[in-house]
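Before I ask anything, let me first share the structure, which is written out below as structure tokens.
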Amino acid sequence: MAQLIQFVKPTLRRKDMQAVLQTMVDERIGPGERKKEFLSLLCTRLDMKGGMALRSYFQALLAALSVCGVHEGSAILTSVLSPAVYGIAARRLGAKLVLCDINRENGCLSTSSALDALSKENDAVLLVDEPYSQIPSEESYHSLGIPVIEDIRESLASSYDGLTAGSIGDIVICAFEEQHILSCGGGAAILYKEESWKKPIHDWFCGTEPWEELPDMNAALGIVQLSTLDAQLERRRELYRLFHDALLKTDHKPFGNGSLDFDTNGWNFPVVLDSKSEDVIKFAEKYHVSCRKMFDKSLGAAVKDKHALFPQAMPALLRAVSFPLYPFLKGSEVDTLIKVISHLP
């Protein structure tokens, strides 16, 4: 029986492992100079003043919330499509999550929905998820007058209408797991643009232990990934355009921003279906193509019956699926994906 086309594949080449081997030869595999170099390169790429590189995404998430003043009783306003890990972080800090609807045009948290929620809260922060490469264009989060945390783990390097991933938040977090644009085999970063955030982050960091920092082995992979990022993005965007053109032959729509001017990072190919997701997944698997529901592990998975509360997000919650998209797709696999996407039932 033929195997399905792999859904996720890290953008690591065999020769990239030389960076890790050199780190081992240097006998500096823990946090050190390569961690500092990687963080510096990342800050330059994203036009950030500074930050911290940590061992896990969850650490970065907790750090960002803590730095922004979240404590017991605080409210965290976020999109209903955000990942379930936000709920775990909120419980760890004794805070409460307030779920808001999305702007269907960009797939991100709706400012108007957040404003309605904020009217009932005295102490809140905004946690902005940017799912499947989306950019929250036309949103005005800072008009709410509360700290904005921007999560770019899936939107890194996307841009649209003058906005780029990482240009919106007071604090920015990014993950480097195997499925992300920068794959370091784990780790994350918390970054800032304004000097006023340097001391709060430094104060938080002083309470951590050295083993919570990103190891040099992971940082070495990150340095290599950054050096090849533009080439990787070029291939991802090429594939996205091919899949987008194929989707135009169906009644289905791309998730979020479908404009040709949207400069996606090509993190998966997300589709909001005009039919049942179960039927499409079976159809794709018939031709050995992996296809997954997009938001089954989101905060919204528990509120799929709340149509009146989240009317804009409901189509994505109920009928959105994604297809594999990464630079290492073989030519034959790309042809199969195009054929399947163009004939989705």
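Considering only the chain, what is the antiparallel percent among its DSSP beta bridges, to the nearest 5?
The antiparallel fraction comes to roughly 60 percent.
Turning to a different aspect of this structure: Checking the cross-link filter: which lysines have an alpha carbon closer than 17 Å to that of residue 36, excluding same-chain neighbours under 8 positions apart?
Within the straight-line limit of under 17 Å, residue 36 reaches these lysines: 49, 198.
If you don't mind, another one. Could you work out how much longer the chain between residue 40 and residue 194 gets when fully extended? Use 0.36 nm per residue separation minus the Cα distance between them, nm to one decimal.
53.9 nm
Would you mind counting up the charge near residue 200? Only other residues with Cβ under 15 Å from its Cβ, with Lys and Arg at +1 and Asp and Glu at -1.
Every neighbour counted, the sum reads 0.
Provide the descending list of Cα extents for the chain along its principal axes, expressed in whole angstroms.
Largest first, the chain extends 56, 55, 36 Å along its Cα principal axes.
Starting from the Cα of residue 35, draw a straight line to each of the aspartates and glutamates and keep only those under 17 Å, dropping any in the same chain fewer than 8 residues away.
Output for residue 35: 16, 26, 27, 177, 209, 212, 213, 216.
Then there's this: Comparing 103, 218, 122, which has the greatest mean-square fluctuation in the GNM of the chain with Cα pairs linked when under 10 Å apart?
122
Sorted by accessible area (1.4 Å probe), largest first, how do 275, 196, 82 line up?
From most exposed to least exposed: 196, 275, 82.
Mind listing the long-range amide H neighbours of residue 325? Cut-off is under 5 Å, sequence gap 5 or more, other chains count too, H placed in the peptide plane at 1.01 Å from N.
So residue 325 has HN proximity to 268, 269.
Of all the accessible heavy-atom surface of segment 107-174, with the other protein chains kept in place and a 1.4 Å probe, what percent is carbon and sulfur?
Carbon-and-sulfur percentage of accessible area, whole number: 43.
Right, another one. Given a cut-off of under 8 Å on Cα pairs at least six residues apart, what relative contact order in percent is computed for the chain?
Values: 686 pairs, mean separation 82.7, N = 345.
Value for the chain: 24 percent.
Please identify the trypsin sites (Lys or Arg not before Pro) of segment 187-296 that satisfy two criteria: DSSP loop assignment and at most 14 other Cβ atoms within 10 Å. Which are they?
Here the trypsin sites (Lys or Arg not before Pro) that fit, given the DSSP loop and packing criteria, are 249, 276.
Hey, can you grab everything whose amide H is under 5 Å from the amide H of residue 165? Only 5+ residues off in sequence or another chain; H modelled, so Pro and N-termini drop out.
157, 158
Once you put a point 7 Å from the Cα of residue 119 and another 7 Å from the Cα of residue 96, both along the Cβ direction, what distance in nm separates them?
The answer from the label model is 1.8 nm.
Could I ask something else about it? Taking the Cβ of residue 71 as the center, what net charge do the other residues with Cβ under 12 Å away carry, scoring Lys and Arg +1 and Asp and Glu -1? Don't skip to the answer; put the middle values down first.
On the way: positive: 92, 96; negative: 72, 123.
Net local charge, residue 71 excluded: 0.
Mind checking segment 181-261 for GluC sites (Glu not before Pro) that DSSP puts in a loop (not H, G, I, E or B) and that have at most 11 other Cβ atoms within 10 Å?
Counting only loop positions with at most 11 other Cβ atoms within 10 Å, the GluC sites (Glu not before Pro) in segment 181-261 are 194.
Just to check I understand the Karplus step: with θ = phi - 60° and J = 6.51 cos²θ - 1.76 cosθ + 1.60, what whole-Hz values come out for segment 269-276, glycine and proline as x?
In residue order, the calculated couplings are 10, x, 9, 9, 7, 9, 8, 6 Hz.
Using a 1.4 angstrom probe, figure out how much accessible area the chain has per residue, in square angstrom, rounded to the nearest whole.
Details: 15430 Å² over 345 residues.
Accessible area per residue, the chain: 45 Å².
Could you go through segment 175-190 in sequence order and give the Karplus-derived ³J(HN,Hα) for each residue, using 6.51 cos²θ - 1.76 cosθ + 1.60 with θ = phi - 60°, rounded to whole Hz, and x for Gly and Pro?
In residue order, the calculated couplings are 9, 10, 6, 4, 8, 8, 4, 9, 10, 9, x, x, x, 6, 9, 10 Hz.
How large is the helix-only mean residue ellipticity at 222 nm for the chain, computed as the sum of -39500 (n - 2.57) over DSSP H runs with n ≥ 4, divided by its residue count, in deg cm²/dmol to the nearest 500?
For the chain, the value works out to -10500 deg cm²/dmol.
Here is a further query. Can you work out ³J(HN,Hα) from phi for every residue in segment 54-71, in order, using Karplus 6.51 cos²θ - 1.76 cosθ + 1.60 and θ = phi - 60°, giving whole Hz and x for Gly and Pro?
3J(HN,Hα) across segment 54-71, in whole Hz: 10, 6, 9, 5, 4, 4, 5, 5, 4, 4, 4, 5, 5, 4, 7, x, 5, 8.
In segment 191-345, what percent of the accessible surface is made up of carbon and sulfur (1.4 Å probe, ligands and nucleic acids excluded)?
Here it works out to 53 percent.
Any idea how far the Cα center of segment 270-285 sits from the one of segment 99-157, in Å?
Centre-to-centre distance over Cα atoms comes out at 28 Å.
Relative contact order for segment 46-159: what percent, with Cα pairs under 8 Å and sequence separation of 6 or more?
About 24 percent, as a whole number.
Another one. What's the FRET efficiency of residue 204 with residue 49 using the Cβ-Cβ distance as r and R₀ = 25 Å, to the nearest 0.05?
0.95
Suppose we keep just the DSSP beta bridges with both residues in segment 106-231; what percent of those would be antiparallel, to 5? Intermediate results must be reported in sequence, preceding the final value.
Values: 7 of 14 bridges.
If we restrict to bridges inside segment 106-231, about 50 percent are antiparallel.
The values are calculated or read from the model by the stated rules, or taken from the named source; none is laboratory data. In this text the structure is predicted, and so the values were computed from the model without any measurement. Note: ideal-geometry Cβ built from the backbone for every residue, glycine included; neighbour counts use all protein chains shown. Just the protein is used for accessible areas: all its heavy atoms, side chains included, with ligands, DNA and RNA removed. Shrake-Rupley method; radii C 1.70, N 1.55, O 1.52, S 1.80 Å.
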